[in-house]
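One structure is given below, encoded as structure tokens.
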Amino acid sequence: MSNNHLIASTPYIEKVIRSMRTGDQIMISGKLVNVEAKAIGKREKYESADISWQTSVVRGDSMGGACEIIYVTDAKIIKRGPRLSPMMTFSLSGLAVTFLVYFAGYLLRKRYGQNRF
């Protein structure tokens, strides 16, 4: 398990990366890179206009700076991870609706009194 920041080398690679989901078995190829850039857009007064990210090059590090930054030259989804079945999705949706109806009733009772609802 590791924390990776991926930089796609082509629009196609970006599309593949964006289609990856938790649980998928994937393969990526590329190079570890450091990133230096100028910030664009709005930033806070204390934020620098210069951005510098250093990639991790060891496996045993942790906390800030422990991420690998990978310039991805090839990406494949080898096997899709399990997805929720349609029945499970339906059940979770039903549970969410039930909770919302109950919560709405609670708010109405709280606002207008117990005897009205």
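The values are calculated or read from the model by the stated rules, or taken from the named source; none is laboratory data. Quick caveat, the model's predicted, so the values are computed rather than measured. Glycine gets a Cβ as well: all are built from the backbone with ideal geometry, and neighbour counts include every protein chain shown.
Of the residues making up segment 63-76, those that are in a strand (DSSP E or B) and under 17 Å from the mean Cα position of the chain (by Cα) are Glu68, Ile69, Ile70.
So that you can scan it fast, the table gives a plain yes or no per residue for (1) closer than 30 Å to Arg80 by Cα; (2) polar (S, T, N, Q):
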| site | (1), (2) |
| --- | --- |
| Leu6 | yes, no |
| Ile13 | yes, no |
| Gly23 | yes, no |
| Leu32 | yes, no |
| Gly41 | no, no |
| Thr55 | yes, yes |
| Ala66 | yes, no |
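Restricting attention to segment 49-62, the residues that are over 21 Å from Val72 (Cα atoms) and either in contact with a helix residue (DSSP H, G or I) (Cβ under 9 Å, 6 or more places away or on another chain) or surrounded by 10 or more Cβ atoms within 10 Å (Cβ to Cβ) (or both) add up to 1.
The residue that is modelled with the highest pLDDT, among those in segment 79-117 that are outside any helix (DSSP H, G or I) and over 30 Å from Gly23 (Cβ atoms), is Gly113. Listed by first and then second residue, the pairs with beta-carbon distance under 9 Å, at least 6 apart or on different chains, first residue in segment 1-19 and closer than 18 Å to Ala37 by Cβ, second of a type in the set (Val, Ile, Thr) and in a loop (DSSP other than H, G, I, E, B), are His5/Thr55; Ile7/Val33. Evaluating Glu68 against the criteria (1) under 13 Å from Asn4 (Cα atoms); (2) modelled with pLDDT under 75 leaves one unmet condition, (2).
Of all residues in segment 1-28, which are of a type in the set (Gly, Ala, Ser), closer than 25 Å to Asp61 by Cα and outside any loop (DSSP other than H, G, I, E, B)?
Residues of segment 1-28 that are of a type in the set (Gly, Ala, Ser), as a first pass: 2, 8-9, 19, 23.
Remaining after also requiring closer than 25 Å to Asp61 by Cα: 2, 8, 23.
Residue satisfying the conditions is Ala8 alone.
Just the residues that are among the small types (Gly, Ala, Ser), out of contact with any strand residue (DSSP E or B) (no Cβ under 9 Å at 6 or more places or on another chain) and either more than 19 Å from Asn3 (Cα to Cα) or in a strand (DSSP E or B) (or both), please, taken from segment 35-62.
Quick first cut of segment 35-62, residues among the small types (Gly, Ala, Ser) only: 37, 39, 41, 48-49, 52, 56, 60, 62.
Filter once more, so that each one left must be out of contact with any strand residue (DSSP E or B) (no Cβ under 9 Å at 6 or more places or on another chain): 41, 48, 60, 62.
Once the filter is applied, which keeps residues that are among the small types (Gly, Ala, Ser), out of contact with any strand residue (DSSP E or B) (no Cβ under 9 Å at 6 or more places or on another chain) and either more than 19 Å from Asn3 (Cα to Cα) or in a strand (DSSP E or B) (or both), segment 35-62 yields Gly41, Ser48.
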